[in-house]
Structure formats: C-alpha cells, structure tokens
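Here's the structure we're looking at; comments come further down.
The values are calculated or read from the model by the stated rules, or taken from the named source; none is laboratory data. What you are looking at is a predicted structure, and each value in this text was computed from that prediction instead of being measured. As a convention, Cβ positions derive from the backbone with ideal geometry for all residues, glycine included, and neighbour counts pool all protein chains shown. Just so you know, the surface numbers come from the protein's heavy atoms only, side chains and all, with ligands and any DNA or RNA stripped out. Shrake-Rupley method; radii C 1.70, N 1.55, O 1.52, S 1.80 Å.
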Amino acid sequence: MNDGFEVTPYKVTGDIDYDELVDRFGTKRIDEALVKRLEKHGPLHPMIRRGIFYSHRDLDWILDQYENGPGFTLYTGRGPSGPIHIGHTMPWMFTKYLQDTFKVKLWFQLTDDEKFMFYDHLSLEDAKSWGYDNALDIIALGFDPKLTNIFLDTEYIKTMYPMAIKAAKKINFSTIRAVFGFDNSNNIGSIFFTSIQTVPCFLESMQQGRNVPCLIPCGIDQDPHFRVTRDIAGGLGYHKPALIHAKLMPSLTGSEKMSTSTAMNDTIFMTDDEKTVKKKVMNAFTGGRVSVEEQRKNGGDPEVCSVYQYNLYHFEPDDSKLAELHASCRSGKILCGECKALLFEKVWKFLETHQAAREKAKDRLDEFFVRD
Ligand code: TRP
C-alpha cells in the first residue's frame, strides 16, 4: 500500500516518489498557469523554476487575496533539536524570497516543546537553547526584523494556549493516530502537539482582530499537520491555511533527507569551518564512474549525484550554467574532482558570509523575538 516509501512529519523512509505523494496527500502540483501568476509579482525563485517547491494547497487563492486587498501572512517553523545544516535553510531562503516579494509579515515558530516530547535523549533546556542557537541562523539569512516574529513555544504559550485548546477540542485521537501513524505507546504530549503547530496559522488574525489569510512554506513532510488544521479552521472562525511544499533536500551520500542525527559527514552545518566543508564536499557521493577512462567515455550521471543536486537545489542559481554542468557531466567532459572543487568554492563563499551574519545576529535577537 505504501509503494515502498512513507512520509509523515515524524518518519520519512524509502525512495520518495514526489508525484505520487501529491496524489496520496491530495495536494496540487504548481502548474504553468500558477507559475505565470507568481511571475507577475517579481522574478521567479530558482526553486520554483526547478520544481523544488512543486506542490501547494490554495496558493492561487492566496494570490487572489493579495491582489484583491486582504493580503496574507507567512508562517513557517523549525524543531530545534540540533545545529542547522544547509538542507534546513532551503525552505527558509524561499520564505525570505516570499517575504521580500510580497512584503508580508512572517511568523517563525521554534517548537522546543515538540522536540522535547519526541526525542528521548533531549532535555527541554537543551531544546530551548538549540532554539536560540537556530534563531541565529534564521536571522543571518536576512529576514526583515520589522516583518518577522520569531518565538519559542515555551516562551509564547500564554498567547497561544487558548487557541491551542480550542483547536485540540476539535481533533480526536483516531485522526491523530491515522494522520501521524501513532499508536498507544506515544506519549500524550505528542498526541496534543499538532494543536500547538496549528496556532501560528491564526496568530496574525488574532493580533489584528480580522481574518488574515496565511501561507505556509514548508517541506512536504509537514503537510499532515496542516491537513488537520485545514479541517478545523472553519470551525474556529478562520480561513484554512494555504501551503507551498518543497521536496526534501538530498544528503551528500545521496539519501533522501539530510539528517542531523545520522552520519555527521553527510551534512554541511552552517558553522562548519573551511577545512571541514572541503572534506565533506570532496567525499560526497557522485554519479561518477569507477575510472577516469570510463567516465571520459560514458560520462557521469548527474541525476543520482549529490554534488549536482546541491547545485540544482541552491548553489547554481543560473539555469544556463546548470544546464552546462549537466551536459559536461553527461558527456564526460568534466570529472567529479573538478566538479566537487567548483561546488566547494560556492558552498564556502555562502557559509563565510553566513557565519559573519550569524555572529552579528547574537546582538539582534531582541529585534526578532516575541515573548509573552
Ligand atoms: N514541526 C516542524 C519540525 O519538526 C517545525 C515547525 C513548526 C514547522 N511549525 C512549522 C515547519 C510550520 C514548517 C512550517 O521541524
């Protein structure tokens, strides 16, 4: 029944077929017409052009709302369980593009409660301090402080709790069990948690005292939470939140989702130093052949190559240069060592700038944080 892969917020396994996922989840593909509509508001982000943000719920309706006056707000989040790596920042860079393009408010939730409840090894204090650490990376990406509210659940709970219990009252256990794949062994905090992830969809409405549409850019693994939200939003007196979904960025070993918990070497962290980054990139899994002769003769396979995927997802925003890279790999003109060296230069340039901004962010937390 699962066709070999599974995607929920708490479990991603197997080889994900993203087209099939759209059908399974009942979302819509971002089609040509919608891409054209987005383009009217500003240059398209490469992640749209390349189908990395590829699926949505009600994005057309959000554009209607924007074009006709009521506007909308953005909401995204992070479960702070460890350091930030490049894969985490992809949807956030896209979120920044949306903020810059539409000049809209962003609510950024840090779910220290969630990570505490779902990870046996993580203390609440550690989850919270990862929240503050992760916020530095978020701020360093360049969000507009006037338009961005970052909050930790445990520090904003007084504001959120009344809405969380209103939501919780409308969600029954059998829904949660089915949607998240829980069973009787899950602790009761994790069963309740989705109601906390629901609340930020309505924070702008609560604050403004009017119904403000909400758009959530996120990895498609988070969609199940918001399916639940969408079912109950009307009953709470709000619009259903709209979503725009990204594919999950592959790791340097070629497996689907970059992970913080497994194999450190597969993942480039935002605070890695130059030597470490170089080592990781130079050891990356590629689509190269066993020997130079064979590669010159038969070419490499960019489709399975993590170095190519890094370029596609982020590090080569120029479409014609990307196509050139693809062709030179296929024809055997470029070898993996050279290609990795090129990627390393781009990754390090990005991280060097990021790390400087991250240092400065330490003095800027109060420009962004909201607390009870
Ligand atoms: N649950 C998410 C995680 O574990 C964090 C999160 C909270 C989130 N609210 C969100 C992610 C909204 C995307 C959109 O990472």
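Check each of the trypsin sites (Lys or Arg not before Pro) in the stretch 28-132 and keep only those in coil by DSSP with at most 14 other C-beta atoms within 10 angstrom; list them in order.
Numbers: sites: Lys28, Arg29, Lys36, Arg37, Lys40, Arg49, Arg50, Arg57, Arg78, Lys96, Lys103, Lys105, Lys115, Lys128; in loops: Lys40, Arg50, Lys103, Lys105.
Taking the stretch 28-132 and a limit of 14 other Cβ atoms within 10 Å, the loop trypsin sites (Lys or Arg not before Pro) found are Lys40, Lys103.
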The lysines whose Cα lies under 16 Å from the Cα of Lys158, excluding any fewer than 8 residues away in the same chain, are Lys166
State the Cα centre-to-centre distance between the stretch 178-205 and the stretch 105-160 in whole Å.
16
For the stretch 264-359: lysine pairs under 18 Å (alpha-carbon distance), excluding those fewer than 8 apart on one chain
18
Students often forget the sequence filter, so: which lysines lie under 16 Å Cα-Cα from Lys115 once same-chain residues fewer than 8 apart are removed?
Lys11, Lys128
Counting helices only, and only those DSSP H runs with n ≥ 4, report the 222 nm mean residue ellipticity of the chain as the sum of -39,500 (n - 2.57) divided by its residues, in deg cm²/dmol to the nearest 500.
-15000 deg cm²/dmol
Surface per residue (accessible, 1.4 Å probe) for the stretch 23-74, Å²
48
Which ³J(HN,Hα) values in Hz, rounded to whole numbers, follow from the phi angles of the stretch 95-106 under the Karplus curve 6.51 cos²θ - 1.76 cosθ + 1.60, where θ = phi - 60° and Gly and Pro get x?
4, 5, 4, 5, 4, 5, 6, 9, 6, 10, 5, 10
Cα centroid separation, the stretch 263-310 to the stretch 1-47 (Å)
26
Mind checking which of Gly300, Gly79, Gly237 has the largest fluctuation in a GNM of the chain, springs on alpha carbons under 10 Å?
Gly237
Carbon-plus-sulfur fraction of the accessible area of the stretch 11-124, 1.4 Å probe, in percent?
51
Could you work out how far helix 336-361 tilts from the main Cα principal axis of the chain, as a 0 to 90 degree angle to the nearest 10?
40
Just how large is the dipole of the chain about the Cα centre, in debye to the nearest 20, putting +1 at every Lys and Arg Cβ and -1 at every Asp and Glu Cβ?
540
